[in-house]
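S.K.: Mind having a look at this structure? Questions to follow.
Read the figures in this text as sums done on the coordinates, not as results from a lab. As the structure is a computational prediction, the values presented were derived from the model and not from experiment. Please note: Cβ atoms are built from the backbone with ideal geometry, for glycine as well, and neighbour counts cover all protein chains shown.
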There are 2 protein chains.
Amino acid sequence: MVNLNNKSVVFLESPKEYPIPGVHLKVESKMLDDELNEGELLTRNLYISLDPYLKTKMGGVGHPSIYKVGQALDSYVVSEVIASKNDKFPVGAVVFGNLGIEEYTRVRTSNDLKIIEDARESKVPLSSYVGALNLAGRTAYCSLIDIGKPKAGETIYVSAAFGGVGQIVGQISKILGLRVIGSAGSDEKVDYLVKTLKFDAAFNYKKGNIVESLRSAAPEGINIYYDNVGGETLEAALEVLNRFGRVVLCGMSSIYNRTTPYGIKNIILAILKSLKLEGFVANQFSDELEERFFKDVKSWLENGDIIYKEDITEGLENTPEAILGMFQGKTFGKAVVKVADL
Amino acid sequence: MVNLNNKSVVFLESPKEYPIPGVHLKVESKMLDDELNEGELLTRNLYISLDPYLKTKMGGVGHPSIYKVGQALDSYVVSEVIASKNDKFPVGAVVFGNLGIEEYTRVRTSNDLKIIEDARESKVPLSSYVGALNLAGRTAYCSLIDIGKPKAGETIYVSAAFGGVGQIVGQISKILGLRVIGSAGSDEKVDYLVKTLKFDAAFNYKKGNIVESLRSAAPEGINIYYDNVGGETLEAALEVLNRFGRVVLCGMSSIYNRTTPYGIKNIILAILKSLKLEGFVANQFSDELEERFFKDVKSWLENGDIIYKEDITEGLENTPEAILGMFQGKTFGKAVVKVADL
């Protein structure tokens, strides 16, 4: 197998607002030099995670891109090893880890790759390994436990509650005995949160005033706000948080696409109510917590205690549109691209 | 001694901006009914602390006053017991605790009062018991240790560094081996910070751009921001904080007097740099930490390791003007009123 034709999603330019296919990123076909050196692998990519932090990596107002022009974007990927000069990863092994957003990846350093031992008889869909069992799930679990410090009987509010992280935060909170309130951007999503994911209450943030919606869903206030949104929603949550409340700052999708950032006017409430607001990176947590995450979430998925709704786009060539749709709030669940079957 | 004439500073109305003498508060003379019941005390007040949080207690835009019209304001006070029906507090004892902003206080419940055993031969000025050894010092010490988590070799930036809390935060940080940067609102204060309090760098926030002043004082960034100011200064500190930085939200004097609050536009940096911002109330810390505070700060004051600059106004009748001056940034050091000598 020499000189394989490979489609990749490559970076063109940092988006000021939405990442537009053909302007800020595009699909490109190139011949892949697949003459492997010692230690290298060639993988056939199956499932690719799309996450909001891709916008951060592509740069924007005030923040440069980490990609060069023409370079393939990267993400979490489930992949099959199809050629190998590395004994740890034999041909036929199914792996997951950080790889290119492309059909095939020539892997020069495989340090972060892990083998899915039971891939061919997995009780959970393989796509879980780019979402619930990967960055989205790890982010949700570790930050909720470590920063949110949830206690049974407390109330948590999760924004973008139907996103890749939000779904898991809400459902773990239910398992831990909290009262869970979610918000999302359509009535269909709100219905799904309450009916399928068993949230105690949910509201459409596009209808009516967020503070009022939140107060009527949580008349006794909230103890934790899990923020995927920022902006006005963060301001509303600060109003409704009780004393010693915690804000897990996970994402600010409401401002990723804005050219002029929104100013938070009531941060003084953090003093008046002794609030904590904390941002994080997914890899800052202890190994012990990460191991607990994988064990717990895998068993919850297997038992059906957690349902993980994915919005799967078929075909690598449709990835740029899927990325745009994610930032426009059109995705129904965790955004994933299916490149090929195992 | 019956029906003592007593001057008090009483509440009139919540200030929208500055608390104006005669409009929002005033001095009033009243006869004090000093026929004590069992368990009560009568104290002659000596030193009274003036603190920025008085503005919060007086109410303002969106926050009601805790005082009724005509009620005496309260604060931390050093006082001499001049009549007593309580064996724990004999006549002649010098006490400190929360009492009225007035010449004499009839103390109905004395739970929070403490006796200064060595008052008549104290190595530190008695006024320390309303500032460095009381709320200002306890706030500074406990929040710096518990929320700021200072480590030797790190850099801390303290705003309003010459205020009652800021001075102590900066000097404790020096003792703990940090590099200390302060800002204040006049060149005279800046000079004092560097020359007398031995800060590593200081700047006048009214001159030039705060981000630039901070970057040139801390070319390698800061690890802790101790915020007494809020608003633009908080925004500037978020820019200059390094990864995993901590913000101790102690006060927001820049917005206490504003009718329209300032919007913080770069809170997304808390996500991009894994920052923590945390507010607190002075009484939330452990008893053990409070004991360490008193022991450490008392010995540092006695040794001269900490210098505590007070701006002492003589005479209760001048208190309303001193309160206004504090909010206008005219106070040079911790604001204290001296009502009488021991």
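S.K.: Applying 1/(1 + (r/R0)^6) with R0 = 51 Å to the Cβ-Cβ distance of B:ILE307 and B:VAL211, what FRET efficiency is obtained, to the nearest 0.05?
M.R.: Efficiency for this residue pair is about 0.95.
S.K.: Based on alpha-carbon atoms only, what is the radius of gyration of segment B:198-252 relative to the globular estimate 2.2 N^0.38 Å?
M.R.: Rounded to two decimals, the normalised Rg is 1.05.
S.K.: Taking the radius of gyration and the Kirkwood hydrodynamic radius from Cα positions alone, what is the Rg/Rh ratio for segment A:35-97, to two decimal places?
M.R.: 1.10
S.K.: State, as an integer percentage, the relative contact order of segment A:135-283 based on alpha-carbon contacts under 8 Å between residues 6 or more apart.
M.R.: This gives 22 percent for segment A:135-283.
S.K.: Divide, for segment A:166-237, the radius of gyration over alpha carbons by 2.2 N^0.38 Å, where N is the residue count.
M.R.: Working it through for segment A:166-237, the quotient is 1.01.
S.K.: Something else about it: With 26 Å as the limit, write out which pairs from A:LYS68/A:LYS189; B:LYS206/B:LYS309; A:LYS206/A:LYS309 have Cα-Cα distances beyond it, or answer none.
M.R.: Long pairs (Cα-Cα over 26 Å): A:LYS68/A:LYS189.
S.K.: Related question: Percent of Cα-Cα pairs more than 21 Å apart in segment A:229-342, please.
M.R.: 61
S.K.: If you count, for every residue in A:277-283, the Cβ atoms of partner chains within 10 Å of its Cβ, what is the mean?
M.R.: That average works out to 6.
S.K.: Then there is this: Put the label 7 Å from Cα along Cα→Cβ for A:GLY92; what are its distances to the other copies, in nanometres, shortest first?
M.R.: 9.7
S.K.: Could the peptides A:203-213, B:214-224 be put in order, highest first, of the mean number of other beta-carbon atoms found within 10 Å of their residues?
M.R.: Those peptides, ordered most packed to least, come out B:214-224, A:203-213.
S.K.: Right, something else. Would you kindly work out the equivalent ellipsoid of chain A from its C-alpha gyration tensor and give its semi-axes, the square roots of five times the eigenvalues, largest first in whole Å?
M.R.: Equivalent-ellipsoid dimensions as semi-axes: 36, 23, 17 Å.
S.K.: At what distance in angstrom do the alpha carbon centres of segment B:144-213 and segment B:1-34 lie from each other?
M.R.: 36
S.K.: Helix-only estimate, please: 222 nm mean residue ellipticity of chain A, summing -39500 (n - 2.57) across DSSP H runs of length 4 or more and dividing by its residues, to the nearest 500.
M.R.: -7000 deg cm²/dmol
S.K.: Now, a different point. Calculate how large, on average over all directions, the projected area of the Cα convex hull of segment B:84-156 is; give the answer in nm² to one decimal.
M.R.: For segment B:84-156, averaging the hull's shadow over all directions gives 7.2 nm².
S.K.: Can I ask one more? Mind listing the Cα extents of segment A:135-283 along all three principal axes, in Å, largest one first?
M.R.: On the principal axes, segment A:135-283 reaches 36, 33, 31 Å in Cα extent.
S.K.: What spacing in nm lies between the two simple spin-label points modelled at A:LYS295 and B:ARG292, each 7 Å away from Cα in the Cβ direction?
M.R.: A separation of 3.2 nm, rounded to one decimal place.
S.K.: List the trypsin sites (Lys or Arg not before Pro) in segment B:107-165 that DSSP assigns to loop (not H, G, I, E or B) and whose Cβ has at most 11 other Cβ atoms within 10 Å. Which are they?
M.R.: Here the trypsin sites (Lys or Arg not before Pro) that fit, given the DSSP loop and packing criteria, are B:ARG108, B:LYS123, B:LYS151.
S.K.: Ok, one more. Within segment B:260-297, list the residues whose amide N lies under 14 Å from a label point set 7 Å along Cα→Cβ of A:VAL61.
M.R.: Under 14 Å, as judged by backbone N against the label point of A:VAL61, lie B:264-269 of segment B:260-297.
S.K.: Also: Between segment A:101-137 and segment A:306-321, how many Å separate their Cα centres?
M.R.: Cα centroid to Cα centroid, the span is 15 Å.
S.K.: Grab the Cα-Cα distance for A:LYS151 and A:GLU239, subtract it from 0.36 nm times how many residues apart they are, and report the gain in nm with one decimal.
M.R.: 29.6 nm
S.K.: For the protein assembly as shown, state what percent of all Cα-Cα pairs lands in each successive 20 Å bin, counting from 0 Å until the bin that includes the largest distance.
M.R.: Over the protein assembly as shown, the share of Cα pairs per 20 Å bin runs 17, 42, 28, 11, 2, 0 percent.
S.K.: With springs only between Cα atoms under 10 Å, which of B:GLU321, B:GLU288, B:GLU302 fluctuates most in a Gaussian network model of chain B?
M.R.: The residue that fluctuates most here is B:GLU288.
S.K.: Continuing with the same structure: For B:LYS88, list the lysines whose Cα falls under 18 Å from its own Cα; do not include residues on the same chain fewer than 8 positions away.
M.R.: B:LYS114
S.K.: Follow-up question, since we're still on this one. Could you compute the FRET efficiency for B:ILE115 and B:GLU321, with r as their C-beta to C-beta distance and R0 at 35 Å, rounded to 0.05?
M.R.: About 0.65, to the nearest 0.05.
S.K.: Sticking with this one: Computed over the Cα atoms, what is the radius of gyration of segment A:110-220 divided by 2.2 N^0.38 Å, N being its residue count?
M.R.: After normalising by residue count via 2.2 N^0.38 Å, the value is 1.20.
S.K.: So if each residue of separation counts as 0.36 nm, and I subtract the Cα-Cα distance between B:LYS330 and B:VAL194, what length gain in nm does that give?
M.R.: That works out to 47.0 nm of additional length.
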